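A quick write-up on the structure given underneath.
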Amino acid sequence: MESLDGVLEHAPDSELMARLTVRDQRALVELYRRHGRRLYPLIRRIVTNEGLAEEILQDVFVRLWTRASLYRADEGHLLAWLITMARNLALDALRKDGRWRGQLEFEEALHDAAQANHPALDVDTTLSVRHALDTLPDDQRRTVELAYFAGMTHAELAAHLNQPLGTVKSRLRLALDKLRGALGNVRQVRVAP
Amino acid sequence: MIEPCHQFEGEWELLALGALEAGRGAEMRAHAAGGCARCQDRLGAALGLVGSIGAALEPMNPPAHVEARLQQRLRALEAGTTVSRGAPAWRSAGPSDRLIRPAAVAALVACAVLAWRVVDQRREIAALRARVEQAAAVVPREAPRPASPPQALPAPSTPAASTEAARAWAIERSRLAAALAQAEAARASAVTEAARGREELARLEQRLASVAREVPNGTPPATVPPVRVDDRTEEVGRLANDVRRLEAQATREAARARSYANALQVALDPGSRRVALTAVDRSAGRATASALLASDGRLVLTTADLPPLGSDKCYQLWIIRRDNPAVVSGGVLADASAGAVVHVARVEGRADAVTGFAITDEPAGGSASSRGRKLLFGAFR
């Protein structure tokens, strides 16, 4: 295994993505080394099986390789897309009902518009969201975790938690409101002089 | 028919989450795909918000072999792009060649062995790098956060088990125990990996030195890739830095684990009292604090979200007592702005005389008596 050119280690995501379009495999490997450790725990959390998680992690980067031109590579935005892709592929493997493959293809089809408003997933954002999740009331956190990591619909959540549909919808909305607030605080801090 | 946009307000995040039923989801997808720019914007923001949940997980390095598998898959996809090296052009044997050729073969063999040994070193260094990164990933970059409380809460020990306060107390105890276990595991793992890394680095350095001594004089034949032992020595140096960093993290985690161990001991003391400190000044922002005071005077103060201060100021804890003097310093809070922090101290005098706590901002180094703004305050009931 050759070690990577030292230049690639310091290249921004946008430059590495540009190299993908000219079929530079080293650039993809550098992207894997840079972002794989963010995607792997997510995939493991969803599918739990280690071997399957390893395969899905590779699938994410193979898909990135074959669809490099689809992704806008502003700093922080590529990671957001990779996380979305990883979640969709993992849930597709978990649920096997075609719904998540459809979600992935829909999001790719709207890539230009959908990527425009992705927040940059930098350290501030990550810590802020993590804190917001940790401080959610237990019922809200459990509901949003089941929706996110198990891909449950409202009806499935209501059945699983043995709660009325309205209660489940309300908990999800409240949890998402708090997360939105946490992201909004990060943006405000950045904007303030 | 295009649905009016307002009907989808508040549901884009649910769509991104995948929580909507199939019919509603299909309606919204069709609307967004139909070219409504406003709703596409909403969708983009929703995908970003939902994606941030996945991004909030602690990073974890995948096993080292996954990268090799990925490269194999890429090569299979891009079949036909490998480059072969040319073989040496041997001259036809003449009288003088009978003497030269054996020497040339011997030189080729020596350089091939050397190249193989360097490739072997690279493989070992890459494997060690992966292990160091994996071990570093185990050590949290910030204070360990409590795990989610267990589904079955531990039964509070007080008779007032049905009260909300007792329930919150039980949850906090279990969270402290979880945080302690997490910190201990991270510390132990970091220490073990750092020790292993040191041993392997020492072995690698010895082998590199022996390889360097074997570099033949003169230029190797063009068919063997040029060997630069200096490059590999730099890598070993970088790995040594990684191991040192890991050892420093292990030391910090050990200190953190000791703090949590103290906190847990205080929490388990049946005579412990707990009070929440709340913001009493706007400049405290969203800061909160919680004080656990054991009957023997051990104090565990947990602070969160204290706004950063300039280098000329510090946060200081004050202990309020029924004794004289009524207010005494509990010490300067180190690293108080670094997220959730646990401070461990011991109050002077009788613990049962303590009636409350306050946190103020003071000049750097602290004050003998409080001069700053009172930011957080809490009193025992």
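Kindly indicate the residue of segment A:103-133 that is facing chain B (nearest Cβ under 10 Å) and at pLDDT 80 or above and also nearest to A:V60 (Cα to Cα) among those meeting that condition.
By that ranking, first place goes to A:Q103.
Taking only segment B:52-91 into account, find how many residues are at pLDDT below 70 and surrounded by 13 or more Cβ atoms within 10 Å (Cβ to Cβ).
Within segment B:52-91, residues that are at pLDDT below 70 and surrounded by 13 or more Cβ atoms within 10 Å (Cβ to Cβ) number 0.
Within segment A:3-50, considering only helices (runs of 4 or more DSSP H) that don't extend past its boundaries, which have at least 2 residues that are within 10 Å of chain B (Cβ to nearest Cβ) and touching a residue at least 60 places away in the same chain (Cβ under 8 Å)?
Filter on segment A:3-50 gives A:25-47.
Being open to solvent by 30 Å² or more (accessible area, probe 1.4 Å) and at pLDDT below 85 narrows it down to one residue among B:A338, B:A379; which is it?
After ruling out the rest, the residue left standing is B:A338.
Select from segment A:134-154 the residues that are assigned to a helix (DSSP H, G or I) and touching a Leu at 6+ places or on another chain (Cβ under 7 Å) and list them in ascending order.
Those that are assigned to a helix (DSSP H, G or I) and touching a Leu at 6+ places or on another chain (Cβ under 7 Å): A:Q140, A:R141, A:T143, A:V144, A:L146, A:A147, A:Y148, A:H154.
Look through B:C36, B:C5 and report the one residue that is farther than 23 Å from A:V144 by Cβ, surrounded by fewer than 16 Cβ atoms within 10 Å (Cβ to Cβ) and touching a residue at least 12 places away in the same chain (Cβ under 8 Å).
Answer to the selection: B:C5.
Can you run down the residue pairs with Cβ atoms below 8 Å, 6 or more apart or on separate chains, where the first is in segment A:134-153 and more than 9 Å from chain B (Cβ to nearest Cβ) and the partner is assigned to a loop (DSSP other than H, G, I, E, B) and not polar (S, T, N, Q)?
So the pair list comes out as A:L146/A:M152.
(1) buried (at least 19 other Cβ atoms within 10 Å of the Cβ); (2) at pLDDT 90 or above; (3) out of contact with any helix residue (DSSP H, G or I) (no Cβ under 8 Å at 6 or more places or on another chain): which one isn't true of A:D138, the others all being true?
(1)
The values are calculated or read from the model by the stated rules, or taken from the named source; none is laboratory data. As the structure is a prediction and not an experimental result, all values here were calculated from the model. All Cβ positions, even for glycine, are placed from backbone atoms using ideal geometry, and neighbour counts span all protein chains on display. Surface accessibility is based on the protein's heavy atoms, side chains included, excluding ligands, DNA and RNA. Shrake-Rupley method; radii C 1.70, N 1.55, O 1.52, S 1.80 Å.
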